[in-house]
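Laboratory data are not the source of any read-out in this text; all were calculated from the coordinates shown. Because the structure is a prediction, the values reported are computed rather than measured. We place every Cβ from the backbone using ideal geometry, glycine too, and count neighbours over all the protein chains shown.
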Amino acid sequence: MISLLKGTIELNTDRYVIINVNDVGYKVYISGNTFKNLPKKGEQVKLYTYLYVRENIMDLYGFLNSEELEIFKLLISISGIGPKGALSVLTVVSIDTLKKAIVNEESDVLTKVSGIGKKMAEKIVLELKNKISKEFSGKGVGEDSEAIDALMSLGYKLKEAREILKKVPKEIEGVENRVREALKLLGK
């Protein structure tokens, strides 16, 4: 419903901002990342927003870029993660770190977030892995995911496969070539 707000910052806190849009003040909850990059009080700002509506709640969540908004929407699509939890994730973990952790199945990165335990972190990784890989992964990120799967099918543990692929030079492209190089490094 409300997808974008452009106006003057009236109040700026680490949890929310109030934006004056044509003499109407909108309270918009923000992540720590958005807070760090916001202009000062009295300056113009443009936020991509998400209107969260429930029985007795109507809250706006705002982000400086559309990519952070999309990640937020993916996070709240997971059962057990509400908007406040999604904001906590985006405050503690950068978008790039989050995407990389999900694609590489490194759920321990998410356990640093208050309120997210090991099981919830694993659930986030499991539910978002394919979505993040398809929509957001950079060159080579998806390849490493496939290479990890290939090494695991050869009997290596997940952690072992991840560690060895980190040692494979980035210039080596293609799943097959990366797996072949990983096996050389493993001495097989």
- [ ] Holding the Cα-Cα limit at 24 Å, pick out from 99/157; 157/184; 73/119; 118/157; 73/166 the pairs that are longer than that.
- [x] 73/166
Open item on the list: Can you return the aspartates and glutamates within cross-link range of residue 41? Criterion is Cα-Cα under 16 Å, with same-chain partners fewer than 8 residues away left out.
Closed with: 10, 14, 23
Open item on the list: If I fit a long axis through the Cα atoms of helix 83-92 and take the longest principal axis of the Cα atoms of the chain, what angle between them do I get, 0 to 90°, rounded to 10?
Closed with: 60 degrees
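Suppose every K and R has +1 on its Cβ and every D and E has -1 on its Cβ; what is the size of the dipole of the stretch 141-186 about the Cα centre, in Debye to the nearest 20?
Details: 9 positive and 10 negative charges, 55 e Å.
The calculated dipole for the stretch 141-186 is roughly 260 debye.
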Open item on the list: Could you derive backbone 3J(HN,Hα) for the stretch 26-31 from the dihedral phi with the Karplus parameters 6.51, -1.76 and 1.60 (θ = phi - 60°), listing whole Hz in sequence and x where the residue is Gly or Pro?
Closed with: 10, 8, 10, 6, 10, 8
Task: Angle in degrees between helix 141-153 and the longest Cα principal axis of the chain, rounded to the nearest 10 - done: 40 degrees
Open item on the list: Using Cβ contacts closer than 10 Å as the measure, can you line up 152, 120, 58 from fewest to most?
Closed with: 58, 152, 120
- [ ] Find out how many positive minus negative residues lie around residue 82, taking Lys and Arg as positive, Asp and Glu as negative, among other residues whose Cβ is under 13 Å from that of residue 82.
- [x] +2
Open item on the list: As I understand it, the value is the acute angle between the Cα axis of helix 175-186 and the longest principal axis of the Cα atoms of the chain; what does it come to in degrees, rounded to 10?
Closed with: 60 degrees
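If you add up the charges near residue 5, with Lys and Arg at +1 and Asp and Glu at -1, over every other residue whose beta carbon is less than 13 angstrom from its beta carbon, what do you get? Could the numbers behind the result be given before it?
Working: positive: 6, 27, 46; negative: 10.
Net charge around residue 5: +2.
Divide, for the chain, the radius of gyration over alpha carbons by 2.2 N^0.38 Å, where N is the residue count.
Details: Rg = 19.9 Å, N = 188, 2.2 N^0.38 = 16.1 Å.
That ratio works out to 1.24.
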Task: Computed E for residue 146/residue 55 - FRET, C-beta separation, R0 41 angstrom, nearest 0.05 - done: 0.40
Open item on the list: I'd like the Karplus ³J(HN,Hα) series for the stretch 111-128: coefficients 6.51, -1.76, 1.60, θ = phi - 60°, whole numbers in Hz, and an x wherever there's a Gly or Pro.
Closed with: 6, 6, 7, 4, x, 10, x, 4, 5, 5, 4, 5, 5, 4, 4, 4, 6, 9
